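Here's the structure, in structure tokens; my notes come after.
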Amino acid sequence: MTAAVPTETPTLVSGTPVVLRAHGYEAAIASVGASLRSLTFEGRDLVVPFDADELRPAYRGTTLAPWPNRVVDGIHRFDGVEHQLPLTEPNRGHALHGLLSWVDWNILEASDDSVTLTATVTAQAGYPWRLVVSTTFRLDADGLTQTVRATNLSDTPAPWGTGPHPYLVAGPASLDEWTLSLPADTVLEVTPDRLAPVALASVEVDGDRFDYREERVLGAVEIDHAYTGLIRDADGRATVTLTDPSGSAVAMTWGEDCAWVQIHTADLPTGPGTPGHRAGLAVEPMTCAPDAFNDDAYDFATGVVSLDPGASHDAGWTISAR
């Protein structure tokens, strides 16, 4: 197997760098957070990148585990026991995007077109389970596929969920000019201040904002919401597509292991002129809903996985040029 990691790798803020190349694609992976640092096709950006020696901007490109999205107030109840997680989204008072986003993952093996990294979720206050998580990034003619596997090393069931956090780029025009195709019937309504889940609603509840079953231009809309009720093809796969006025496009595809997808137009509180503001569209396939660890609090199935001792769970997704 051809090594994609230099023999003497410099110490970088984003961790150990790995670069994959195949079929016109180039993907840069950073070991901190098992993050997708950049992805190009024939030189064209498909995600919003960041530099190898740059502190990763928030959660851009990271692997989310053992939960994606938020645990409201950092409090969750599992098997009748209440747990309090550290609040990692202090402005809203939630536990955000799991426990591995700032961990330096170990590289198990690497080649010209793939790399596998692994990290351990250690038992800790708020999450008293031990899990080993591995992820593989692989390039082929269909694009970049990431798969994630978690195995529960504890002697009791553990709550589990995962997802990625890329910001997709359709082409040279601004996000407001891109056309979005999002095959979903249902959106999760949230509180406007803290984005805490409220209830499921048809995308028609505010069609100008949420309904992209028929592709249309995004415009100035602001979205930071989870969708479900995904419309899938005959193989059970859902696809979100972004198209630039120039005709270039990027797509993200996933299977039935992810019943949810978070869409975020990357609106930053500091507004226009801030680096990263509306620079890309976050498309985050998720195995479970926001606040899924509090499944009993909602009148819909959140999709949280109860991972038995010794059991494993797999999920995956693909980003491709169109």
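Numbers at a glance
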quantity: Qualifying position, being among the charged types (D, E, K, R), within 25 Å of residue 172 (Cα to Cα) and open to solvent by less than 20 Å² (accessible area, probe 1.4 Å), among 60, 37, 56; calculated: 56
quantity: Selection count where residues are open to solvent by 10 Å² or more (accessible area, probe 1.4 Å) and under 16 Å from residue 107 (Cβ atoms), scope the stretch 127-148; calculated: 6
quantity: Residue check for residue 239: of a type outside the set (Lys, Arg) and either exposed (fewer than 15 other Cβ atoms within 10 Å of the Cβ) or in a loop (DSSP other than H, G, I, E, B) (or both); calculated: no
quantity: Flag for residue 234 being hydrophobic (A, V, I, L, M, F, W, C), over 18 Å from the mean Cα position of the chain (by Cα), at pLDDT 95 or above and part of a loop (DSSP other than H, G, I, E, B); calculated: yes
quantity: Exclusive hit being in a loop (DSSP other than H, G, I, E, B) and polar (S, T, N, Q), set 253, 270; calculated: 270
quantity: Restricting the stretch 275-315 to residues that are β-branched (Val, Ile, Thr) and not in a strand (DSSP E or B), the residue that is surrounded by the fewest Cβ atoms within 10 Å (Cβ to Cβ); calculated: 304
quantity: Residue satisfying condition, being buried (at least 20 other Cβ atoms within 10 Å of the Cβ) and in a strand (DSSP E or B), within set 100, 117, 108; calculated: 117
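For every residue, the table says whether it meets (1) among the hydroxyl-bearing types (Ser, Thr, Tyr); (2) open to solvent by 20 Å² or more (accessible area, probe 1.4 Å); (3) free of Cβ contacts under 8 Å to residues at least 40 places away in the same chain; (4) assigned to a loop (DSSP other than H, G, I, E, B).
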residue	(1), (2), (3), (4)
156	yes, yes, no, yes
159	no, no, no, no
172	no, yes, no, yes
180	no, no, no, no
185	no, yes, no, no
189	no, yes, yes, no
200	no, yes, no, no
206	no, yes, yes, no
212	yes, no, yes, yes
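The values are calculated or read from the model by the stated rules, or taken from the named source; none is laboratory data. Remember, it's a predicted structure, so these values are computed and weren't measured experimentally. All Cβ positions, glycine included, derive from the backbone under ideal geometry; neighbour counts span all protein chains shown. Protein only, heavy atoms only, side chains kept; ligands, DNA and RNA dropped before computing areas. Shrake-Rupley method; radii C 1.70, N 1.55, O 1.52, S 1.80 Å.
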